[in-house]
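Below is one structure, written out as structure tokens; comments come after it.
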Amino acid sequence: MMKWIAIAALSSVAGMASAEAVAPADVQFDDYGAVEVSLSGTPGDAANGAAIVGDKKQGNCVACHQVGALADIPFQGEIGPALNGAGDRWTEAELRGIVSNSKKTFEGSMMPSYYKTTGYIRPGDAFTGKAASEPLPPLMDAQMIEDVVAFLATLKE
Amino acid sequence: MNFKATLACAAFVASVAPAAFAGEDAELVLNGEIPIVTTAPAPAHLDGVLGDEIKSGWLFRSDETQATQMDDFDNPGMIFVDQAQASWDTVEGSEGKSCASCHNDPAESMKGVRATYPKWNEEAGEVRTLAMQINDCRENQMGAEPWKYDKGDIVSMEALISVQSRGMPVNVAIDGPAQSTWEQGKEMYYTRYGQFELSCANCHEDNFGNMIRADHLSQGQINGFPVYRLKNTKLNGSHSRFKGCIRDTRAETFNPGSPEFVALELYVASRGNGLSVEAPSVRN
């Protein structure tokens, strides 16, 4: 009970959406890069996840990946594998790990880390080209990651 | 309207299989008379990282964009070359001189120059880009103000000088006193900058030929610079392009003309050794 109140107070200071959000620095990856625990504590919304994956201003995953389920989105990229069937190939925990920090699953991957705030070379302030100091805001917040994971889990062949 | 280009195309179609007409197998002949090498054997220093061949960015553009570069009457970059010809002949500065006072006709004096820049300058003890050399002449020979790096006047002048080398192979030296600068540029090329943690190599070495959203990735060669971009309807220097690519990784960029970008330019230019000087090229 005490702990709950403390976290609630802390997170309202930080302006986080959920009382139980796991901060980027506290995410626990297993040896294969999977993340077992929900980052937000609130189940993901697959429909919103689909919107994030396709939106240039949010996840913009289609910049690099083709997603058959989002066929109406033009100009899907060919850098990474098509995400069709990702929900068959990977568990929810694995998908959460890949989206949070793909390099823990795929060593040296070109895929950006969406829930990471430090450890960058010449970090910039979004797309301004100006310097920014760490910790940076993560590319997606905890709930966005959960929404994207929920969407990926629906991608079955 | 574009009679010459149409003729050139017709001749081309007749002699080569139609499949080779456009796209990554297309051939580039400027004004129907200057053949441009857009695919060349990869330089030895690349150790095969790009495979056997290096390719000009022209090959990765749409048929329409490709066609715009085939004839000087269609190439909007040539307007800036004409403007630079006027400033070539204009007296400026305390010494009462123009470029022409020392270099006469650029068609003679500037032939082959573009192909070897950036290059080591013994007296200055530094690697110089063409823009740095132009400004050195302005300051120390003409007594005129230096032009602002990668802005209108100087980029146009670089285009005028580059035109005199069109069709000649890029041939920048990477050994001797230039080597440490080249190494610095190489290290930058493989550094994963910014919040996206992407290096030049991630996009232009590992993924050329692939689409990244709506963009068809090329090898990021600079044999075509300065480049006329349909997107901003002006000539662009290579440092501006580097800056844009680094900004897009959500990184703090470097400035045009900075020692870092001079080093990067030398390294990137050397990856294109063997491709023809193409400037002013046309890109989207």
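Structure data summary
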item	result
Translational diffusion of the stretch B:190-251, µm² s⁻¹ [Kirkwood Rh, Cα pairs; Stokes-Einstein; 25 °C; 0.890 mPa s]	199 µm²/s
Vicinal HN-Hα couplings computed from phi for the stretch A:68-82 (Karplus, 6.51 cos²θ - 1.76 cosθ + 1.60; Hz; Gly/Pro x)	x, 5, 10, 4, 6, 8, x, 6, 8, x, 10, 7, x, x, 4
Interface B:A - total buried accessible surface [probe 1.4 Å, Å², rounded to 100]	2500 Å²
Accessible area, probe 1.4 Å, largest first, for residues A:90, B:147	A:90, B:147
Dipole-positive endmost among A:128, A:97, B:274 within the protein assembly as shown (Cβ charges, Cα centre)	A:128
Degrees separating the helix A:92-101 axis from the principal Cα axis of chain A, which is the longest one	80 degrees
Measure of compaction for the protein assembly as shown (Cα Rg per 2.2 N^0.38 Å)	1.15
Of the trypsin sites (Lys or Arg not before Pro) in the stretch B:205-276, those whose Cβ has at most 11 other Cβ within 10 Å and which sit in DSSP loop	B:231
Viscosity 1.306 mPa s, 10 °C: Kirkwood-radius Stokes-Einstein D of chain A over Cα pairs, µm²/s	97 µm²/s
Drop in accessible area of at least 20 Å² in the complex versus isolated chain, residues of the stretch A:28-63, 1.4 Å probe	A:56, A:63
Computed P(r) (all Cα pairs; the stretch B:149-284; 10 Å bins; percent)	12, 42, 39, 7, 0
Under Karplus coefficients 6.51, -1.76 and 1.60, residue-wise ³J(HN,Hα) of the stretch B:87-100 in Hz, glycine/proline x	6, 4, 8, 8, 6, 9, x, 5, 8, x, 10, 10, 4, 4
Charge dipole (the protein assembly as shown, unit charges on Cβ, about Cα centre) - positive-most of B:284, B:184, B:107	B:284
³J(HN,Hα) computed for each position of the stretch A:51-60 - Karplus, 6.51 cos²θ - 1.76 cosθ + 1.60, integer Hz, glycine/proline x	5, 5, 4, x, 8, 3, 8, 10, x, 6
About the Cα centre, charge dipole magnitude for the stretch B:157-248 (Lys/Arg +1, Asp/Glu -1 at Cβ), debye	500 debye
Percent of Cα pairs exceeding the 14 Å cut-off, where the set is the stretch B:51-120	75 percent
In the stretch A:93-155, GluC sites (Glu not before Pro) in a DSSP loop with at most 16 other beta-carbon atoms within 10 Å	A:107
Mean separation of Cα contacts under 8 Å (6+ apart) over length of chain A, as relative contact order %	30 percent
Calculated log₁₀ intensity ratio I(q)/I(0) where the Debye formula runs over C-alpha points of the stretch B:108-164, q = 0.21 Å⁻¹	-0.85
Ranking by accessible area, most exposed first, for B:187, B:24, B:265 with a 1.4 Å probe	B:187, B:24, B:265
Low-density loop cleavage sites - trypsin sites (Lys or Arg not before Pro) in the stretch A:41-120, where at most 13 other Cβ are within 10 Å (DSSP)	A:56, A:57
Estimated dipole of the protein assembly as shown in Debye, rounded to 20 [Cβ of Lys and Arg +1, of Asp and Glu -1, Cα centre]	560 debye
Drop in accessible area of at least 30 Å² in the complex versus isolated chain, residues of the stretch A:93-123, 1.4 Å probe	A:103, A:110, A:112, A:120, A:121, A:122
Electrostatic dipole magnitude of chain B [Cβ: Lys, Arg +1; Asp, Glu -1; Cα centre; debye, to 20]	560 debye
Long-range HN-HN contacts of residue B:210 with modeled amide H, under 5 Å	B:217
Protein-protein interface of the stretch B:168-197, residues with accessible area decrease of at least 40 Å², isolated chain reference, 1.4 Å probe	B:192, B:195, B:196, B:197
Cα gyration tensor, chain B - rounded (a/c under 1.5), prolate or oblate	oblate
Solvent-accessible heavy-atom area per residue, rounded to whole Å², over the stretch B:186-225 at 1.4 Å	34 Å²
Sulfur and carbon atoms: percent of accessible area, the protein assembly as shown [1.4 Å]	54 percent
Cα-based helix-to-principal-axis angle, A:2-14 vs chain A, degrees rounded to 10	70 degrees
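The values are calculated or read from the model by the stated rules, or taken from the named source; none is laboratory data. Quantities reported herein were computed from a predicted structural model and do not represent experimental measurements. In this analysis, Cβ positions are derived from the backbone assuming ideal geometry, glycine residues included, and neighbour counts consider all displayed protein chains. Each accessible area value is taken on the protein alone, full model and side chains, heavy atoms only, with ligands, DNA and RNA left out. Shrake-Rupley method; radii C 1.70, N 1.55, O 1.52, S 1.80 Å.
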